[in-house]
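J.: Sharing a structure with you now.
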Amino acid sequence: MIKTIEEALTFIKVNKIEMIDFKLIDLDGRWRHITIPAANFKPSLFESGIGFDASNYGFAPVENSDMVFVPDITTMRIDPFTKVPTVIMVGDVLVIGKDNVPFDQYPRNIAKRAEEYMEETGIADTILMGPEYEFHIFDHVAFEVKSNSAFYHVDTAQAEWHSGKMTDDNNGYQVSTKGGYHIDIPNDINYDLRSQICNLMNEWGVAVKYHHHEVGGSGQMEIEVEFDKMSKMADNTMIAKYLIKNSANKAGKTATFMPKPLGAEAGNGLHVHMMLFKNGSPLFYNEKNYAGLSDTAMYFMGGILKHIKSLCAFTNPSTNSYKRLIPGYEAPVTVGYATANRSAVVRIPAYAKKPEVKRFELRNPDATSNPYFAFSAILMAGLDGVIKKIDPRDYNWGPFDFNLYHLSEDERTKIDSLPRSLNEALDALENDHQYLLEGGVFPKRLIDIWISEKRLEARKIDNIPHPAEFKKYYDF
């Protein structure tokens, strides 16, 4: 890791770097970038920063939209995809004034403030998170939305729909729908590409735990990474998505993190494992309690379950998110917890038995989320649970040690469920967001513009006729 400007200048010279590419995060959680020649990379950059117009990034208007980006020198890495030798850096955004101050709506600043607030509460000084990145790799994609037409089409040689094609790339090793879990080569046609991606992630400092083919037979993948501090893991999530998408593109393929790119197939989640520490000691372990979880862990879980509907506005912020959160596709739909039960929104891994790895997993998030907002909101909900001692054992939140997909209609009505649409999640956020405001972590104006922009997004999509409606209603 590069820690000083002198080290950075030496690195640039030794590797014959010609361009410095700065990555900035917009409201939705996409990277944007601005680039300077390496010759302009000087120590003064870390004091004055680079000016830009933040109003184009989707954030709520402020009195002065002229802001500065200040790079974080420890994030410098060589970009493996550019023809011109280039290094990438992420960083922070400041509002220009007599004394520049952190822009309180900037995603990276919010994640840092959430961690500071956690320490101020005295509950913990570290939260470690470990996400699972699920995505699809396709050989081809096409889509179009016009006033007189709307369609999408994806293809991959490994999908079962490819079995009857009279083409040279049909080798007969297709994978059945929902039959892809841990499928081996030659059926797993993207194995080498996944391994290459994992090597790049490790080189970048995003430590890979393992990778494999996921349940979705039509090209669904998973890469799980080792735990890291929350704000660092948000950075790592942006890096992982960049490496995955560009590696697929370089290989002549296309990668998507859409929660539900295919009907009748498993969708893509961003399951988040988490655990708290204080002074190096784990806080989630008590061998005498259910599943070996401490009271702190149960309270933290209780806060997440109490606020789960409003959390969905940040963890599942797309209309497509709610096409994944349906029964029968290994995605959770009910509010509750259980051990080793993938139908519950909170799963406690049965194999994580030691104090230092005792944790639970939140299964509803997906990668259309801005990871800085999503991870910070999860932390704030959990802290609220610890502060208020919200014990899920005092509510009808479990443990549900049975398959929640197989409940009768009467049983299902007795258990609360996740929102069924983006608008339901936004309704919940409107009514339940005080926990996010604590410690000045989430500005109220950011929540307001998030709700406004996401409602507009949902309305635009809802207003477009769907091809399935033509099939159902055209002959009326």
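None of the figures in this text is laboratory data; all of them are computed from the coordinates on show. Keep in mind that what you see is a predicted model, and the values were worked out from it rather than measured. Every residue, glycine among them, receives a Cβ derived from its backbone with ideal geometry; neighbour counts consider all protein chains shown.
J.: Once you order the gyration tensor axes a ≥ b ≥ c over the Cα atoms, which shape class does region 227-274 get: rounded for a/c under 1.5, otherwise prolate or oblate by comparing a/b with b/c?
T.: Note, shape of region 227-274 comes out oblate.
J.: Follow-up. What list of ³J(HN,Hα) values in whole Hz, one per residue of region 234-249 in order, does the Karplus curve 6.51 cos²θ - 1.76 cosθ + 1.60 (θ = phi - 60°) give from phi, with Gly and Pro shown as x?
T.: Once rounded to whole Hz, the list reads 5, 4, 4, 5, 5, 5, 4, 5, 4, 5, 5, 5, 6, 5, 4, 4.
J.: Also, quick follow-up: With point charges of +1 on the Cβ of Lys and Arg and -1 on the Cβ of Asp and Glu, referenced to the Cα centre of the chain, which listed residue (I110, V441, L243) lies farthest in the positive direction of the dipole?
T.: L243
J.: If you don't mind, another one. Treat each spin label as a single point 7 Å out from the Cα along the C-beta direction, and report the D391 to F151 distance in nm.
T.: 6.0 nm
J.: Karplus couplings for region 423-439 from phi (6.51 cos²θ - 1.76 cosθ + 1.60, θ = phi - 60°), rounded to Hz, Gly and Pro as x?
T.: These are the phi-based 3J(HN,Hα) values: 5, 4, 5, 5, 4, 5, 5, 4, 8, 8, 9, 4, 4, 7, 7, 4, x Hz.
J.: What are the lysines whose alpha-carbon lies under 23 Å from the alpha-carbon of K241, with same-chain residues fewer than 8 places away excluded?
T.: List returned: K23, K83, K112, K209, K229, K232, K250, K253, K260, K323, K454.
J.: Now a separate question. Would you list, by chain and number, the aspartates and glutamates whose Cα falls below 15 Å from the Cα of K389, excluding same-chain residues fewer than 8 positions away?
T.: D295
J.: Taking a cut-off of 20 Å between Cα atoms, list the aspartates and glutamates near K16, but don't count ones fewer than 8 places away on the same chain.
T.: The reachable aspartates and glutamates, counting only those whose Cα sits under 20 Å from K16, are E6, E7, D79, E203.
J.: Calculate for the chain the 222 nm mean residue ellipticity that helices alone would give, adding -39,500 (n - 2.57) per DSSP H run of length 4 or more and normalising by residue count, nearest 500 deg cm²/dmol.
T.: -9500 deg cm²/dmol
J.: In bins 5 Å wide, starting from 0, what share of all Cα pairs of region 228-356 does each bin hold, as a percent?
T.: All Cα pairs considered, the percentages come to 2, 9, 15, 18, 19, 17, 11, 7, 3, 1, 0.
J.: Still on this structure: Below 8 Å between Cα atoms, with a sequence gap of 6+, how large is the relative contact order for the chain in percent?
T.: Over the chain, the number comes to 14 percent.
J.: Could I ask something else about it? In whole Å and largest first, what semi-axes does the C-alpha gyration tensor of region 5-103 yield when each eigenvalue is scaled by 5 and square-rooted?
T.: For region 5-103, the ellipsoid semi-axes come out as 25, 16, 10 Å.
J.: I've got another one for you. Amide H neighbours of V90 under 5 Å, counting only residues 5+ apart in sequence or on other chains, H built in-plane at 1.01 Å?
T.: The answer is K23, D72, T75.
J.: Turning to a different aspect of this structure: Which residues does a label at M1 reach in region 79-123, if reach means a backbone N under 16 Å from a point 7 Å past the Cα toward the Cβ?
T.: Flagged as within label range: 89-92, 112.
J.: Also: Amide H to amide H under 5 Å from S417: which residues, 5+ apart in sequence or cross-chain, H placed 1.01 Å off N in plane?
T.: Those qualifying (amide H under 5 Å, at least 5 residues apart or on another chain) are V335.
J.: So what are the ³J(HN,Hα) numbers for region 111-124, from phi and the Karplus equation (6.51, -1.76, 1.60; θ = phi - 60°), rounded to whole Hz, Gly and Pro as x?
T.: 4, 5, 5, 4, 5, 4, 4, 4, 5, 5, 5, x, 6, 7
J.: Can you tell me how the chain classifies by the Cα gyration tensor, rounded, prolate or oblate, using a/c under 1.5 as the rounded cut?
T.: Rounded, because the longest to shortest axis ratio a/c is under 1.5.
J.: Report the relative contact order of region 7-46, percent, no decimals, based on alpha-carbon pairs under 8 angstrom and at least 6 residues apart.
T.: 34 percent
J.: Once you list every other residue whose beta carbon is under 13 Å from the beta carbon of K13, what net charge do they have if Lys and Arg are +1 and Asp and Glu are -1?
T.: Net local charge, K13 excluded: -2.
J.: With the crude spin-label approximation of a point 7 Å out along Cα→Cβ, what separation in nm comes out for D72 versus H466?
T.: 3.9 nm
J.: Once R0 is set to 25 Å, what does the formula 1/(1 + (r/R0)^6) return for the Cβ-Cβ distance between D99 and L437, expressed as a FRET efficiency to the nearest 0.05?
T.: According to the calculation, E is roughly 0.55.
J.: What number comes out for the charge environment of P85, summing +1 per Lys or Arg and -1 per Asp or Glu over other residues with Cβ under 12 Å away?
T.: 0
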